[in-house]
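The values are calculated or read from the model by the stated rules, or taken from the named source; none is laboratory data. This is a predicted model, so every value here is computed, not measured. FYI the Cβ positions are ideal-geometry reconstructions off the backbone, even for glycines, and counts take in every protein chain you see. Each accessible area value is taken on the protein alone, full model and side chains, heavy atoms only, with ligands, DNA and RNA left out. Shrake-Rupley method; radii C 1.70, N 1.55, O 1.52, S 1.80 Å.
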Amino acid sequence: MQVTPWDVEGVIDYDRLIEEFGMRPFSEMLGEIENPHILMRRGAIFGHRDYWRIVEAMKAKEPWAVMSGFMPSGLPHFGHKMTMDEIVWHQKAGGKAFVAIADMEAHAVRGLSWEKTRELALEYIKSIIALGLDTNAVIYFQSKSDHVKDLAFELSAEVNFSELRAIYGFDGETKLAKMFIAAIQAADILHPQLPEFEGPKPVVVPVGADQDPHMRLTRDLAARASIFSFEPIKGGLRIRSRKGRDYLDALKDLNFETRFYEEHADVFGNIDEIEREVRSIEVKLGGFAFIPPSSTYHRFTTGLTGGKMSSSKPESYISLLDKPEEAGKKVMKAFTGGRVTAEEQRRLGGEPEKCVVFELYSYHLIEKDDELKQIESDCKEGRLLCGKCKKIAAELVRNFLKEHQEKMEEAESRFEDYIIIGL
Ligand code: TRP
Ligand code: SF4
C-alpha cells in the first residue's frame, strides 16, 4: 500500500492508515454532530484530525471555515463530488467556505497548459454550485490569488529540503515548482485565517486520505509561522515565542496569572481562553497566530471496473459530465460484489461491502437510510440479483446526471452572484 498526494497504489487498509499517519477515527466524533452528512454516517469519512475544534466552534456559534481544493487536470467525477458535498454541508452548518482551483498544481505537476486547466476548472466551479454551494463562498484560482501566493512564499521560509524529502519522498530530480506546490497548498489551507478574512479561526479541510502529507506539513507550518507556541502544563499553558524573547513581554497584558521565565511564560487558567487571548495579542503584534487546521478524510472512490479509478480509463469512472445514457451503460458493466452464478447468489447472497454499485448507492444515490438498508439486506440474503440491482442504480445515475447537468448550466448563468477570484 502506498499513499502519497501523487500516488495511490494497492489495497487500502483504512485502519492501518489511521494508525500509520496518526489520524483519529471519525466515528468518535459522530455523536457530537448535528444532522451528520450521509458520508459521515456511512463511514465514507473514516478519519479526522482535530475535528473537535470545528464541533466546538459550531456549538459556540463562533466563526470557523471549511476549505478544500480541486486540481483541474481531468473532468470532475464522483470522487470530487464527495469533497464538494462535504464543503457544501459544512457551509450549510455555518462555516465560511473557501474553494481552491489548483491550476498551479495542474500546470506544475501534470503539465497542463493554462488554457486547458482553465477550461476544466469551469466544470468544477459549475458542479460545486450545482451541488448547492451558497453565494457567500470564496472560489479562487491559485494562480490569481496574491493572498495565497504571498503566504506561500512566507511559509516556504520555514521548510527545508530534508523535510520535503521525508514527507513527500522528493529527490534530486524533483522540480522546484512541485516543491513550491506544497507551499501553495499550505497557503490555500491557512489563508482563511489571514486578517483579510477576519483572522485566526478553526478551518476544516475535507480531503481524500492521500492529501494527509499536505495536512501534516501545513499543521507544522501553522505553528512555525506563528509567534507564540503552546504547551499544556498543570493548570494552564506554557507559552514560548518562536521569534525572540521580546515578544513574551506583550503577555504582561493577559488577564490571567502569568509567571515569566528566561525562555517562556507559564499562564494559569482555562486553556481555551488563554489560547484565545494570546492569539489576539499576537494578531495585534502583526503575527499570524494560525490555529492548526483540522481535516476529515474520505475513502478513495473505487473504480467501476474494480481497480483504481484512472482518468486514462474513462470506463473506470463516471464523470459528472458523462452523457446520462453512457453513464448508465458504465454502471451496467460495473464490477459488483455478486457471485459467479445466479444460483449461487440466491444461496449465498451478494457482498455489498465489496460492491462499487453499492458504494454508489451509499455515498451518492440513496439519501434514505431505510431504503439503503433494504437493498443491503436483499443483496446479502440473495433476494436481489446484480442484474436487476444495476438497472436500478443505472436509472438513479441517469436521473442524477440529467438533473446535475441542468443545474450546471443554470449555475453558469449565476457566476456573477459568486466571488470567483481569477475568473
Ligand atoms: N492537491 C489537491 C488534489 O490533488 C487539490 C488541492 C489544492 C487542495 N489545494 C488544496 C486540497 C487545499 C485541499 C486543500 O486534489
Ligand atoms: Fe452489488 Fe447489488 Fe449485486 Fe448486491 S445485488 S452485489 S449491491 S450489484
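Charges at C-beta only: +1 for Lys and Arg, -1 for Asp and Glu. How large is the resulting dipole of the stretch 61-188 about its Cα centre, in Debye rounded to 20? Write out the running numbers ahead of the final one.
Values: 13 positive and 17 negative charges, 60 e Å.
Around 300 debye, computed over the stretch 61-188.
Suppose only helical runs count, i.e. DSSP H with n ≥ 4. What mean residue ellipticity at 222 nm does that imply for the chain under -39500 (n - 2.57) per run, divided by all residues and rounded to the nearest 500 deg cm²/dmol?
After summing the helix terms and dividing by the residues of the chain, the value is -13500 deg cm²/dmol.
Across the options 278, 241, 251, the greatest Cα extent toward the positive end of the charge dipole of the stretch 228-284 (unit charges at beta carbon of Lys, Arg, Asp, Glu) belongs to 241. Take every Cα pair under 8 Å whose residues are at least 6 apart in sequence, average their separation, divide by the length of the stretch 228-284, and the relative contact order is 36 percent.
Among residues other than residue 38 whose Cβ falls under 15 Å from its Cβ, what is the net charge (Lys/Arg +1, Asp/Glu -1)? Working shown, then result.
Values: positive: 41, 42, 81, 92, 299, 368, 373; negative: 34, 85, 86, 359, 367, 369, 370, 371, 376.
For residues surrounding residue 38, the net value is -2.
Most simply put, the chain has about 55% antiparallel DSSP beta bridges, counting only bridges with both residues inside it. Computed over protein heavy atoms with a 1.4 Å probe, the accessible surface of the stretch 264-423 works out to 53 Å² per residue.
Taking the Cα centre of the chain as the origin, how large is its charge dipole in debye, to the nearest 20, when only Lys and Arg (+1) and Asp and Glu (-1) carry charge on their Cβ atoms? Could you put the intermediate results ahead of the total?
Details: 57 positive and 70 negative charges, 175 e Å.
Dipole of the chain, to the nearest 20 debye: 840 debye.
Which of rounded, prolate, oblate describes the stretch 1-145, given a ≥ b ≥ c as roots of the alpha-carbon gyration tensor eigenvalues and a/c under 1.5 marking rounded, otherwise prolate only if a/b is larger than b/c? Here the stretch 1-145 falls in the oblate category. Run the numbers on the chain and let me know its relative contact order in percent, using alpha-carbon pairs under 8 Å that are six or more apart. The normalised contact order for the chain reaches 19 percent. The residue among 65, 297, 337 whose Cα reaches farthest toward the positive pole of the charge dipole of the chain, with charges on the beta-carbon of Lys, Arg, Asp and Glu, is 337.
For the stretch 5-93, which trypsin sites (Lys or Arg not before Pro) pass both filters: DSSP loop (anything but H, G, I, E, B) and at most 15 other C-beta atoms within 10 Å?
Values: sites: 16, 41, 42, 49, 53, 59, 61, 81, 92; in loops: 42, 61.
Of the trypsin sites (Lys or Arg not before Pro), the ones in loops of the stretch 5-93 whose Cβ has at most 15 other Cβ atoms within 10 Å are 61.
Since only 130, 90, 75 are under comparison, the one whose Cα sits farthest along the positive direction of the charge dipole of the chain, derived from C-beta charges on Lys, Arg, Asp and Glu, is 75.
Rounded to the nearest 20 Debye, what is the dipole magnitude of the stretch 250-398 about its Cα centre when Lys and Arg each give +1 and Asp and Glu each give -1 at the C-beta? Intermediate results must be reported in sequence, preceding the final value.
Values: 24 positive and 27 negative charges, 267 e Å.
The calculation lands at about 1280 debye.
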